[in-house]
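Here's the structure we're looking at; comments come further down.
Taken together, the values in this text are just the output of simple stated rules run on the coordinates, not laboratory data. Only a predicted model underlies this, so the values are computations on that prediction, with no experimental measurement involved. Backbone-built Cβ (ideal geometry, glycine too); neighbour counts: all protein chains shown.
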Ligand code: ZZB
């Protein structure tokens, strides 16, 4: 499976500038506290820190509104070199090391360990997103054994991403998230038009299949497949540099552009080899 690894930069200065009171508003999870703690900071040094998300749909990066992590999933902060560190699962870091993405081939250098909870509320800069700052949010369905364990969210074209945002907003207290991390990014802005679902494929599919929450996993899997197919075979870009082009044409072009700009990289997942090392 060839993914595109998307680099979402942690806005460390913004995080540090947040007043203590504001950082503590999420019960049980002081926002980003761990990432900016003295202990972790000393390990990270002057490196820029990125959450890295694996996607099959680089052409949808124009619609990013947030990033998702699994709250109980263990993540590591891995040194890429002296200037960058990436946040992902250990399993992904090992794959990356063998794919030559880190300074020393086959070697991983872990700077810190975090739980997904430690990342919730962390502000990010996402490439091609119309928003300057997006936030890290919790999602129940994030798999620790797929991709990097970090998922970038495109609610216009991913039913899972859309319904999770709705869930979080409806039950902000239960999920321990701030509405201000969600409300400014809704409703989703259209980025791709399909003949099946019109301008906001994910929203239409969620309505059509009467999906109520992230717990409707069966219907969500169906919706994902329908929206994938519609986007791939009949999607036309309505925003960005390749507006007017079919998705099939835009996909490799957006990918190449992101990689050229240092905002993404090729990341492969050895199929059928994902069973042995979970978490
Ligand atoms: C952005 C995006 C935009 C995605 C979209 C989908 C869609 P697959 O086919 O099952 O491999 N994803 C990546 N990693 C994980 C994970 N660890 N746990 C849960 N979900 C994950 O699916 C790959 C897609 O699943 C990725 O592409 C990512 O979401 C998510 F408009 O990234 B995608 C109709 C789907 N649309």
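Once you order the gyration tensor axes a ≥ b ≥ c over the Cα atoms, which shape class does segment 220-264 get: rounded for a/c under 1.5, otherwise prolate or oblate by comparing a/b with b/c?
Because a/c hits 1.5 or more and a/b fails to exceed b/c, segment 220-264 counts as oblate.
Once R0 is set to 41 Å, what does the formula 1/(1 + (r/R0)^6) return for the Cβ-Cβ distance between residue 41 and residue 239, expressed as a FRET efficiency to the nearest 0.05? Walk me through the intermediate numbers first.
On the way: r = 37 Å, r/R0 = 0.91.
The value I calculate is 0.65.
How high is the relative contact order of segment 169-279? Use alpha-carbon pairs under 8 Å, at least six apart in sequence, and give a whole percent.
18
Only bridges with both residues in the chain count here: give the DSSP antiparallel percent, nearest 5. Numbers along the way, then the final one.
Working: 32 of 40 bridges.
So the antiparallel bridges amount to about 80 percent of the total.
Only bridges with both residues in segment 28-163 count here: give the DSSP antiparallel percent, nearest 5. Please report the intermediate quantities before stating the final value.
Numbers: 15 of 23 bridges.
Close to 65 percent.
Normalised by the residues of segment 1-129, what does the relative contact order come to in percent, with Cα pairs under 8 Å and at least six apart?
On the way: 218 pairs, mean separation 46.5, N = 129.
Contact order relative to length: 36 percent.
Express the relative contact order of the chain as a whole percentage, based on alpha carbon pairs under 8 Å and six or more residues apart in sequence.
Rounded, it is 23 percent for the chain.
Please give the length that would be gained between residue 232 and residue 215 if that part of the chain were fully extended, namely 0.36 nm times their separation in residues minus their C-alpha to C-alpha distance (nm, one decimal). Walk me through the numbers on the way to the answer.
Numbers: separation 17, 0.36 × 17 = 6.12 nm, distance 2.60 nm.
The span from residue 232 to residue 215 would gain 3.5 nm if fully extended.
Under 1.5 on a/c is rounded, so check that first for segment 104-166, then, if it is not, pick prolate when a/b is larger than b/c and oblate when it is not; a ≥ b ≥ c are the square roots of the alpha carbon gyration tensor eigenvalues.
It is prolate, given that a/c is not under 1.5 and a/b is the larger ratio.
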